[in-house]
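Here the structure comes first, spelled out in structure tokens, and everything after it is commentary.
None of the figures in this text is laboratory data; all of them are computed from the coordinates on show. As the structure is a prediction and not an experimental result, all values here were calculated from the model. Heads up, the Cβs are rebuilt from the backbone with ideal geometry, glycines too, and the neighbour counts pull from every protein chain shown.
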Amino acid sequence: MASTNQVQDAGMQHPILSIMIPTYNRFDTIKATLRSAINQQTDYNYSIAIVDNNPSNDSRTRYRRLLNEPAFSSVKYYQNSSNIGMYPNWNKCIELATTSHVTILNDDDLLSVDYVQVISQTIRSRPQYAFYSCNVELIDESNAIFRQTVATKLKHFSQQLCLSLQHKDSYEVHPRDYFFANRHCGSLGIAFSRSIFLKERGFKQSLYPISDYVFCTTLATHYKTLHLCRTLASYRIAYNVNTDNSSWIKSLKCDYQFRQCILDVFKCRLPIYHAFNFLKYQYGVAIYSRLFTDDTKQSLKTMLMSVVRKSTVYCPYLVVFVIARALSYFALRKTTAPHLLQRFEY
């Protein structure tokens, strides 16, 4: 892995959480990301660092100029000596952190003002988990919030109802939950135990673009993980290399293969789960094959919701989802499963 030069350093005493920001040529959005990390309303100490995957002198000069501003003077800055790739740069973020727990905040996403307070309190009171996740809202280029689909609303309603009846505001994540979807938006909002992350060797670049999906599922299979039912972060969906048609279709195919791997690991042969996996893939293809052929003058949010409403796969997908989800508490029981990272390759 490439060596890393520390260019600017400012520390805090004994923080338990680091906010690490991997970046590559995102000067247009990183200021807002930094402000969301800096403007935390918390009693806890924490540290913030940028890990720049652009090795150029121009990038270093621009960040030096930015971090000389009083508002950003407490932020550390590291620069890789070469472009090591997205997932290796995320791993580098964890390696460079000096705290017991680390969250990776990508350079166009945002944290809510109480993220550090809530996560730090939870870590202090319940330190046994491999990671702590939270609800995430989706925003577009103008920070407008995406409207939730019916499936998402049903999922959140059922979660809140169950937790309310149990007088809880969080729950331990079961590996079955990852069969139905990648529960996270990349690494956003997840506070990883640094020691467990390093023990499991982090994200694998060979599993791009779903290495985060595979890694988090692996942790949930072999460790205890906790999800907080609070919205503490915002994930920006915008036009970039990861939102063109071919990238989405590749991601959908990888998701499909990984869900098949989960079924194999849990020895689940019920036809409805294979039907769900197939319909989920077809539903995704139906959306993203049309998404970027519509009028590109529309906002991404408008385009996405328009395509969802036109999809003929949505209703059967939703019906199968509800049935499969209800049966999952009996059909996808947690077992001493083989290591998913060792089982899954493509």
Two-site label geometry, residue 56 and residue 169: point separation in nm, points 7 Å out along Cα→Cβ: 4.5 nm
Stretch gain in nm, segment residue 270-residue 231, where the contour uses 0.36 nm per residue and the Cα spacing is subtracted: 10.6 nm
Which of 141, 200 has the fewest Cβ neighbours within 10 Å, and the rest in rising order: 141, 200
Prolate/oblate/rounded label for the range 80-149 (Cα gyration tensor, a/c 1.5): oblate
Estimated FRET transfer efficiency (residue 250, residue 181; beta-carbon r; R0 22 Å; 0.05): 0.80
Cut-off 15 Å between beta-carbons: net charge of the residues surrounding residue 109, Lys and Arg +1, Asp and Glu -1: -3
Estimated FRET transfer efficiency (residue 35, residue 323; beta-carbon r; R0 30 Å; 0.05): 0.10
Net charge, residue 188 excluded, C-beta distance under 10 Å - Lys, Arg +1, Asp, Glu -1: -1
Gain in span if fully extended, residue 195 to residue 223, counting 0.36 nm per residue against the direct Cα distance: 8.8 nm
When each of 204/224; 224/267; 199/224; 31/204; 168/204 is checked by Cα-Cα distance, pairs over 24 Å: 31/204; 168/204
Sorted by Cβ density within 10 Å, fewest first, the residues 169, 58, 52, 212: 58, 169, 212, 52
Additional length obtainable on full extension of the chain from residue 128 to residue 143, 0.36 nm per residue less Cα span: 1.9 nm
